[in-house]
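Each remark here refers to the structure printed beneath this line.
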Amino acid sequence: MENSEQLKTVKFYSGDATPLEMHKVRVVQKLNLLPIEERRDCIYGAGFNTFLLMNKDVFLDMLTDSGTNAMSDNQVAAMSQADDSYAGSASYTRLEKAINEVFGQKYFLPVHQGRAAEHIIAKVFATPGKVVPMNYHFTTTKAHIEMAGGVVEEIYTDEALKIKSDFPFKGNMSIPKLLNVIEKWGAENVAYIRFEAGTNLIGGQPFSMANLREVSAIAKEHKIKVLMDTSLISENLYFIKIREEGYQDKSLKDIMHEMLSYTDFSYFSGRKVSSTRGGGICTNNLDIYMAMRDLVPLFEGFLTYGGMSVREIEAMAVGLYETLDFNVISHSPTFIKYLVDTLDKKGIPVITPAGGLGCHLDAKNFIDHVPQGQYPAGALAAALYVASGIRGMERGTISSVRDAEGNDILADVELLRLAFPRRVFTLSQVKYAEDRILWLYENRHLIGGLEWIEEPPVLRFFVGKLKPIGDWVEKLVAKFREDFGDSL
Ligand code: F0G
């Protein structure tokens, strides 16, 4: 890792800000781009929900980076050395060592994926009468806390929800809001303060070390625990290194250790951070570890596998070390920045500054004629799939919930997230996305809203089904044929 520690980037002679792949492709998967008429049929079949599309019908799968990042050759090699045993596997010992070296945390509880960690943490700490302040919620996090009887309070800053901004750390917590929550609930009722690295739902935006340090000092003073969700820590780490004053010359390992030193415990989705399935909870605090330990064999599996296969455990250990490789963690942010900046220059509404998880189109402004109650982000996700075969993810009101009266709680932001799984897409594929988004923007007046056909009561965005209001999809298909002739 040592040779990648410096802030090294390649400048083009032409002066172009072109991102460059610092890896080569050695295993490939064939892609399929269906004609638009078939894409239209597929989106109807999927109830206008991109989660329900079959991958064979998708050209560029930008739904998520979860479990879809490319693995390195070293990860694949490690998988063949796995030590298969229920208890005391040597693979587990290697993972524990990686947790210790990469995060600087001693105790580890393995789980089958990130939300399983959320389940256990919420069950133990976010009990009825308790509050969890956080920079922003994540869907599964909030669902688990509420299911355990706790309450979520979001304490983001005024910058967080601005679509256009040049503020480098939109994932920061508001200190006055934090103090208010402590005052209102009493420090003893704050289950823990949750810092989400690379704040997912507001556009993959990082927090700064300075903000984390300040929050941690307040937490200590009030004897409140700090929890960090490190699922997206790689990109947060990258942004601290390149954006925060005083960190350019520090090694990624030192920055990572400093980040975790301000927490009492942390958890991660391996699907995101280490390009493998699985997850875990980490801490240096034996009491915190013991409070949760016995729930792992109950819900996940024995303490040395936690629902993961030993092959995944081996690949996870290697993947964690790779979060300290600048070339690995800079890939997605530089490609995302390329797309975000290109779209922004063309006046297409997109979250700025570019974050770490994906490019986020602002559906509220993209199709401002579609009211929020008709789910603009969901409609845009369906329209982009029809126009391009690209699958993004709705991150707006469909991903929200209803209130006690049954009314939609309108989301703060209506986003279509185009995730960039690490080291998966090439630049020409990103240029294709740019081209079809531009076409869609010029034809945005054709896009209409959606309404429910089938709405599940919990996490409805996963399997709920909708239909278009009116015949806008037909009009979009007709315009595509007019403009592109027989092109796919
Ligand atoms: N925390 C964050 C910040 C996440 O982004 C996710 C998952 C989880 C926790 C839950 O982890 O999926 O392993 O159970 N994010 C995925 C996404 C689903 O597409 O953004 P998990």
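The values are calculated or read from the model by the stated rules, or taken from the named source; none is laboratory data. Model, not experiment: these values are computed from the prediction. A quick note on method: Cβ atoms are made from the backbone with ideal geometry, for glycine too, and the neighbour counts reach across all protein chains shown.
At a glance:
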item: Residue in region 233-247 that is closer than 19 Å to Val296 by Cβ, more than 16 Å from the ligand (Cβ to nearest atom) and modelled with pLDDT of 95 or more present; result: no
item: Residue within region 166-181 that is farther than 27 Å from Ile398 by Cβ, under 20 Å from the mean Cα position of the chain (by Cα) and among the aromatic types (Phe, Trp, Tyr) present; result: yes
item: Restricting region 415-435 to residues that are in contact with a strand residue (DSSP E or B) (Cβ under 7 Å, 6 or more places away or on another chain) and not hydrophobic (A, V, I, L, M, F, W, C), the residue that is nearest to Ser275 (Cα to Cα); result: Arg417
item: Matching residues in region 86-127 - criterion: being among the polar types (S, T, N, Q), in contact with a Phe, Trp or Tyr (Cβ under 9 Å, 6 or more places away or on another chain) and surrounded by fewer than 20 Cβ atoms within 10 Å (Cβ to Cβ); result: Ser89, Asn100
item: Tally, over region 367-383, of residues that are within 25 Å of Phe138 (Cβ to Cβ) and buried (at least 24 other Cβ atoms within 10 Å of the Cβ); result: 8
item: Helices (runs of 4 or more DSSP H) completely within region 308-391 that count 2 or more residues being among the acidic types (Asp, Glu); result: 310-322, 331-345
item: For Ser85: the one exception among (1) within 16 Å of the ligand (Cβ to nearest atom); (2) at pLDDT below 95; result: (1)
item: Close pairs (6 angstrom Cβ cut-off, 6 or more residues apart or separate chains): over 19 Å from Lys241 (Cβ atoms) and of a type in the set (A, V, I, L, M) in region 258-286, within 11 Å of the ligand (Cβ to nearest atom) and at pLDDT 95 or above anywhere; result: Ile281/Ala117; Ile281/Tyr267
item: Residue check, Ser80 surrounded by fewer than 20 Cβ atoms within 10 Å (Cβ to Cβ), among the polar types (S, T, N, Q) and in contact with a helix residue (DSSP H, G or I) (Cβ under 6 Å, 6 or more places away or on another chain); result: no
item: Qualifying residues in region 155-177 (those that are free of Cβ contacts under 8 Å to residues at least 24 places away in the same chain and surrounded by fewer than 19 Cβ atoms within 10 Å (Cβ to Cβ)) - the one farthest from the ligand (Cβ to nearest atom); result: Pro176
item: Hits in region 98-119 (condition: assigned to a helix (DSSP H, G or I) and either within 16 Å of the ligand (Cβ to nearest atom) or closer than 16 Å to Tyr289 by Cα (or both)); result: Ile99, Asn100, Phe103, Gly114, Arg115, Ala116, Ala117, Glu118, His119
item: Residue within region 178-191 that is within 16 Å of the ligand (Cβ to nearest atom) and either in contact with a Phe, Trp or Tyr (Cβ under 7 Å, 6 or more places away or on another chain) or of a type in the set (D, E, K, R) (or both) present; result: no
item: Among (1) touching a helix residue (DSSP H, G or I) at 6+ places or on another chain (Cβ under 9 Å); (2) not in a strand (DSSP E or B) - the single one Phe195 does not satisfy; result: (2)
item: Residues of region 455-476 satisfying the condition of being part of a loop (DSSP other than H, G, I, E, B) and among the β-branched types (Val, Ile, Thr); result: Val458, Ile469
item: Which listed residue is without any contact (Cβ under 8 Å) to a residue 40 or more places away in the chain, among the aliphatic types (A, V, I, L, M) and either closer than 26 Å to Ser487 by Cβ or in the same structural domain as Thr342 (by TED's automatic domain parsing) (or both), from Leu53, Leu63, Leu31; result: Leu31
item: Restricting region 236-287 to residues that are part of a loop (DSSP other than H, G, I, E, B) and under 21 Å from the mean Cα position of the chain (by Cα), the residue that is surrounded by the fewest Cβ atoms within 10 Å (Cβ to Cβ); result: Arg277
item: Scan of region 137-154 for residues that are within 16 Å of the ligand (Cβ to nearest atom) and either in a strand (DSSP E or B) or not assigned by TED's automatic domain parsing to the domain that holds Ile193 (or both), ordered by number; result: Val152, Glu154
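Listed here are the residues, each with its yes/no results for (1) over 18 Å from Ser274 (Cα atoms); (2) at pLDDT 95 or above; (3) within 12 Å of the ligand (Cβ to nearest atom).
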| site | (1), (2), (3) |
| --- | --- |
| Phe48 | yes, yes, no |
| Phe59 | yes, yes, no |
| Met71 | no, yes, no |
| Val76 | no, yes, no |
| Glu96 | no, yes, no |
| Val124 | yes, yes, no |
| Val131 | yes, yes, no |
| Asn135 | yes, yes, yes |
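Residue-wise test of (1) in contact with a Leu (Cβ under 8 Å, 6 or more places away or on another chain); (2) surrounded by fewer than 15 Cβ atoms within 10 Å (Cβ to Cβ); (3) assigned to a loop (DSSP other than H, G, I, E, B); (4) not hydroxyl-bearing (Ser, Thr, Tyr).
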site	(1), (2), (3), (4)
Leu418	yes, no, no, yes
Arg422	no, no, yes, yes
His445	no, yes, no, yes
Ile453	yes, yes, no, yes
Ala478	no, yes, no, yes
